[in-house]
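Peer 1: What follows is a single structure, and I will ask about it in a moment.
Nothing in this text is a laboratory measurement; each read-out follows from the coordinates by a stated rule. These numbers come from a predicted model, not from an experiment. Note: ideal-geometry Cβ built from the backbone for every residue, glycine included; neighbour counts use all protein chains shown.
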Amino acid sequence: MGEPTGALTLSPAEQLLAIEEIKKVFSARLRVMDTKQWDQYGPLHTEDVVTETWGGLPGDKQPTANGQSNRASGREHLTNSIRGMLGSSTHVTTAHHAHTPEITLTSDTTATGIWAMEDELWWTNGDVEEHLHGYGHYHEEYRKVEGKWLISYRKLTRLRETHTPNFFDYMGAL
């Protein structure tokens, strides 16, 4: 998605600091998503963020941007889509974990990252607890904007997903 915006001129210490700042913004995204702090979710992303993380959802429930399903484009669209999936009329308890980041600085202000991930989601459907458990990788891009590293692109690829038969029943179209 993103193109490098110049040569990498950061010192080794500055490169390590940049990577740590990227890890912090990524970790904050998972925390505010799981704690449903939606006012803090959007600002962790660039204004023009693009996400492709809903490929596992039934087609009629995936968000659409510019005629493409499985895509949210822009900070507001992303935040509204994730809020709609995890915390609108039905409260969905979530736990997202990411591990073993592979972060590459592509310039002084751009980077890519791949994170192994695991997520679990639960909601109550009458007397039944519905559940989803997934494993995969986040493929992300980052951009430094006004001195802060932000997430500019995300794609989720799943290796495995198990869920109860009626897990997606609570959801409307995103």
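Peer 1: Can you give the net charge of the other residues whose Cβ lies under 10 Å from the Cβ of GLU21, counting K and R as +1 and D and E as -1?
Peer 2: Spelling it out: positives minus negatives among the neighbours equals +3.
Peer 1: To continue, here is another question. Find the relative contact order for the stretch 12-170 and round it to a whole percent, using C-alpha pairs within less than 8 Å whose residues are 6+ positions apart.
Peer 2: 22 percent
Peer 1: Ordered by packing density, taken as the mean number of other Cβ atoms within 10 Å over each peptide's residues, highest first, how do 28-38, 91-101, 113-123 rank?
Peer 2: Descending mean neighbour count gives 113-123, 28-38, 91-101.
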